[in-house]
Amino acid sequence: MTNDNLPLREAKRLATRAAIDDHATRLVLEHGFDAVTVEDICSAAGISRRTFFNYVDSKETAVIGEHPRPLTEDEIADFVWDRHPDLFHAVMRCAFRMSNLFRPCAGDLATPCTVDTGELLRRRRQICRAEPKLSLQRTARYPDIHESLIDTVTAYLEAWPAERRLPATEPRTEAMTVVAVATTAIRLGFHLWMEGSDPSADGLRTRCADALEDMTRLLAKGDEEA
């Protein structure tokens, strides 16, 4: 979707959120989390304190982004209903959606903004490294998110038994294995993306997909040599 296709109100809303994210991350990188106030961010973004809290619930959210979330009931139903020829990639897409890394992702919607999605993710990565307490706030939710994803894949495998690759195991055990492979590929892809030359969100997705393919080839090679 491009700017021309977005209603003016929606384009302005996304642009305002993008400005908040941009200035919050820039200021914290320059001065440190504790030294930056909500008022500082509002002044830089040209908005009021009231407007700020209409878009984010805290300074922490403006700086590190939305917290990870479990899939909604509708998302789970959609995932289970559809057959996925490539389950690993389908799980990776779910994991990205749950992570909220790309929300509200101005870059994905081509909205007017002052920082692209890839640059924003890189800034937040730097901030979390420098401010471990912020990283802990995000990672504290990972166990629940992980379980939600496993439950969803388990339900899918039970609904599509012909799609199973490990029929000798319980569906939940296979689901745990699928999720472990997919999330490991995401972690590896994220690391490679941070060190690479393509800062875009699409570049991150490509790196994660490449990481999965590399893992698959390594495992297949090991099986051939066994």
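The values are calculated or read from the model by the stated rules, or taken from the named source; none is laboratory data. Here the structure is a predicted model, which is why all the values come from computation and not from measurement. Here Cβ is always computed from backbone atoms with ideal geometry, including for glycine, and neighbour counts include all displayed protein chains.
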**Request:** Check whether at least one residue in the range 78-87 is part of a helix (DSSP H, G or I), surrounded by fewer than 16 Cβ atoms within 10 Å (Cβ to Cβ), at pLDDT 95 or above and not aliphatic (A, V, I, L, M), and report yes or no.
**Result:** yes
**Request:** Taking only the range 43-68 into account, find how many residues are under 21 Å from R122 (Cα atoms), over 17 Å from the mean Cα position of the chain (by Cα), assigned to a loop (DSSP other than H, G, I, E, B) and small (G, A, S).
**Result:** 1
**Request:** Answer with yes or no whether P167 is modelled with pLDDT under 90, out of contact with any strand residue (DSSP E or B) (no Cβ under 6 Å at 6 or more places or on another chain), in a loop (DSSP other than H, G, I, E, B) and surrounded by fewer than 17 Cβ atoms within 10 Å (Cβ to Cβ).
**Result:** no
**Message:** Against the conditions (1) surrounded by 13 or more Cβ atoms within 10 Å (Cβ to Cβ); (2) at pLDDT below 95; (3) farther than 22 Å from T177 by Cα, where does K59 fall short? Just the number, please.
**Reply:** (2)
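What about E174, is it among the acidic types (D, E) and buried (at least 16 other Cβ atoms within 10 Å of the Cβ)?
Working: among the acidic types (D, E): yes; buried (at least 16 other Cβ atoms within 10 Å of the Cβ): yes.
Yes: the conditions hold for E174.
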**Asked** Mind checking which residues of the range 11-56 are surrounded by fewer than 21 Cβ atoms within 10 Å (Cβ to Cβ) and small (G, A, S)?
**Response** A11, A15, G32, A35, S43, A44, G46, S48
**Asked** In the range 139-164, what residues are free of Cβ contacts under 8 Å to residues at least 12 places away in the same chain, in a helix (DSSP H, G or I) and more than 25 Å from the chain's Cα centre (by Cα)?
**Response** P161, A162
**Asked** Here are G203, G189: which of them is assigned to a helix (DSSP H, G or I), of a type outside the set (D, E), in contact with a Gly (Cβ under 8 Å, 6 or more places away or on another chain) and surrounded by 13 or more Cβ atoms within 10 Å (Cβ to Cβ)?
**Response** G203
**Asked** Picking from L71, L101, which residue would you name as being touching a Gly at 6+ places or on another chain (Cβ under 8 Å) and not in a helix (DSSP H, G or I)?
**Response** L101
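Per-residue answers, yes or no, for (1) within 21 Å of T117 (Cβ to Cβ); (2) in contact with a Pro (Cβ under 7 Å, 6 or more places away or on another chain); (3) of a type outside the set (D, E, K, R); (4) at pLDDT below 95:
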position: M1; (1), (2), (3), (4): yes, no, yes, yes
position: L29; (1), (2), (3), (4): yes, no, yes, no
position: V38; (1), (2), (3), (4): no, no, yes, no
position: R50; (1), (2), (3), (4): no, no, no, no
position: I64; (1), (2), (3), (4): yes, no, yes, yes
position: V91; (1), (2), (3), (4): no, no, yes, no
position: M98; (1), (2), (3), (4): yes, yes, yes, yes
position: R103; (1), (2), (3), (4): yes, no, no, yes
**Message:** Restricting to the range 6-17, name every residue that is at pLDDT 90 or above and not β-branched (V, I, T).
**Reply:** R17
**Request:** Pairs only if they're at least six apart or on different chains, beta carbon under 9 angstrom, first in the range 114-133 and more than 17 Å from S200 (Cβ to Cβ), second outside any helix (DSSP H, G or I) and of a type outside the set (D, E, K, R); list them, first residue then second.
**Result:** I127/F33; A130/G32; A130/F33; E131/G32; E131/F33; K133/F33
